[in-house]
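The structure appears right after this line, and notes come after that.
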Amino acid sequence: MFVAEHNPNHKGNVAELAIAKEAASLGLSVFAPLTEHERYDLIIGIKGRLLRVQCKWGRKVGDVVMAKLTRSRRGPDGFIRQKYSAREVDAFGIYCGDLDECFLVPIDVVDGQWSLQLRLRPTRNGQRASLHLAEKYRLGAVAQLAERPDGIRKAEGSSPSSSTNRDSRTVHSEEVGAHKFRNHFGYYMERAAAGTEILVSRRGKPYTRLCPAQPPA
């Protein structure tokens, strides 16, 4: 796809249209705000939930799709870059023109970050901590994940054998890197209290585990 490389507005428009088209092709509801200067570009409905989506252009660099997660405004001394927060958007929609693919990344995953890197392939050394695999966030995959009772914000993994042996009831698990776990401890503590088992890895290896006090009913 040919896109004017030096025109950020043009690339942003292409990304927004591509994400809207992909979402619609998946049978999702797509809305656009009628007023200007909103922090989000689209509203995408997934299983009865409306997500405020900020659309960004992503570029492929080797095995990684890179996208900036900032906005700019003119100040008295030049342009000022600002981040997005969970108060403003629910997810980032990333369109990679090099791949002609769309991704949807919940704000919880990247809240406070200036940029995002989605890996198209696992690392050679098998590292998983603090990495975002593109396959997990493809728009089609996220739409399928929303079909599960836990919804879009839960990255559901297979329950380890120890959890299934100790209780016949299902315990959902989520893997997170040690650095992210440390920076968002309060959030993961709430997830654990709600019934999700948090598996923490460090340098690609299992490190510790945060479990619910009581198995879910």
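The values are calculated or read from the model by the stated rules, or taken from the named source; none is laboratory data. Computed from a predicted model, the values in this text were never measured in an experiment. Neighbour counts run over all protein chains shown; Cβ positions are idealised from the backbone, glycine included. When the accessible area is computed, the model is the full protein with side chains, heavy atoms only, and any ligands, DNA or RNA have been set aside. Shrake-Rupley method; radii C 1.70, N 1.55, O 1.52, S 1.80 Å.
For LEU99 and LEU120, compute 0.36 nm times the residue count separating them, minus their Cα-Cα distance, and round to one decimal in nm.
Roughly 6.5 nm would be gained on extension.
Cα to Cα, under 21 Å, and not fewer than 8 places away if on the same chain: which lysines meet these conditions relative to LYS21?
LYS11, LYS47, LYS56, LYS60, LYS136
What's the local net charge at ARG73, with K and R +1, D and E -1, over the other residues with C-beta under 13 Å away?
+4
In region 39-94, how does Rg compare with the Kirkwood Rh, expressed as the Rg/Rh ratio over alpha carbon atoms?
1.07
In what sequence, largest accessible area first, do PHE185, PHE92 appear using a 1.4 Å probe?
PHE185, PHE92
Which distance in nm do the two modelled labels at ASP111 and GLN82 give, with both placed 7 Å along the Cα-to-Cβ direction?
1.8
What order do you get for 132-142, 76-86 when each peptide is scored by the mean count of other beta carbon atoms within 10 Å, highest first?
My ranking of the peptides, most packed first, is 132-142, 76-86.
Any chance you could list the semi-axes, whole Å, largest first, of the equivalent ellipsoid that the Cα gyration tensor gives for region 1-100, using √(5λ)?
22, 19, 12
Of the accessible area of region 18-92, with the probe set at 1.4 angstrom, what percent is carbon plus sulfur?
Here it works out to 50 percent.
Subtracting the Cα-Cα distance from 0.36 nm times the residue separation, let me have the gained length for ALA24 to THR208 in nm, one decimal.
Contour length minus the Cα-Cα distance gives 62.2 nm.
Can you compute the modelled spin-label distance between ALA178 and LYS60, with each label point 7 Å from Cα toward Cβ, in nm?
The answer from the label model is 3.4 nm.
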